[in-house]
1. Take the residues in segment 95-140 that are within 13 Å of the chain's Cα centre (by Cα) and charged (D, E, K, R); name whichever of them is modelled with the highest pLDDT.
2. Is it the case that some residue within segment 133-140 is in contact (Cβ under 8 Å) with a residue 24 or more places away in the chain and surrounded by fewer than 18 Cβ atoms within 10 Å (Cβ to Cβ)?
3. Suppose the filter is at pLDDT below 95, on the phi < 0 side of the Ramachandran plot and not basic (Lys, Arg); does Asp64 pass it?
4. Within segment 1-34, how many residues are at pLDDT 95 or above, open to solvent by less than 90 Å² (accessible area, probe 1.4 Å) and part of a loop (DSSP other than H, G, I, E, B)?
5. Quick one: which strands (runs of 3 or more DSSP E) lie wholly within segment 39-129 and hold at least 2 residues that are open to solvent by 30 Å² or more (accessible area, probe 1.4 Å)?
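The values are calculated or read from the model by the stated rules, or taken from the named source; none is laboratory data. All values reported here derive from a predicted model rather than from experimental measurement. Cβ placement follows ideal geometry from the backbone for every residue including glycine, while neighbour counts extend to all protein chains displayed. Calculation scope for accessible area: heavy atoms of the full protein, side chains included, ligands and nucleic acids excluded. Shrake-Rupley method; radii C 1.70, N 1.55, O 1.52, S 1.80 Å.
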Amino acid sequence: THADLPASAKGKAGANFTATVPVYFHVITNGSLGNLTSTQINAQIAVLDKTFGGGEGGADTGFDFTLAGVTRTDDPVWYASKSGGAEHAMKRALKQGGDNALNIYSTSGGAYLGWAYLPEISDTAQAYLDGIVFDWRTVPGASTEYQGSYDRGETLTHEAGHWLNLEHTFFGGCNKSGDFVDDT
């Protein structure tokens with residue numbers, strides 16, 4: 001479970017804040033590797049809604065995630081994508097929606113469970129990089145490889161936090177400006 005917000009942070013966004021985020025889910029495969037089913041994709045979206053909705057003991061953030069579309073691409077180079085050329089090509093080809101849309105790319109994850117860019121990327125010449133790349137095996141029910149550890153869909157929750165401009169709690173060396181949240 002997650003800790004609740006400190007009293008000083010509650011209500012800062014307004015009591016009735018809500019935002020529905022359209023999600024474009026891009027399934028990148030290498031043959032049959034990474035071929036997520038519709039049921040698995042829906043389970044992953046449900047985890048996002050539950051965690052950002054306070055369903056695990058934290059605060060209801062007001063964010064709701066709605067599946068807006070799914071693409072499927074069999075490309076071994078994109079599947080093995082690390083941050084770099086393949087990621088750029090993949091995102092240029094597949095990104096959908098505007099700045100309010102979350103584009104999710106399920107791949108092997110390279111050497112990571114996932115990564116995301118903070119929103120400031122949207123104000124640069126590389127705005128197409130906006131979105132999240134993550135390891136498909138972290139989706140609930142998708143694989144037994146991470147069973148009992150990283151198979152609960154929380155990797156995408158973590159990365160979606162970055163996409164919404166949250167830093168790691170240790171950002172800035174845990175000094176007073178750190179992650180810009182006064183409780184950490």
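1. My answer is Asp135.
2. yes
3. no
4. Within segment 1-34, residues that are at pLDDT 95 or above, open to solvent by less than 90 Å² (accessible area, probe 1.4 Å) and part of a loop (DSSP other than H, G, I, E, B) number 2.
5. Fully inside segment 39-129 and qualifying: 63-74.
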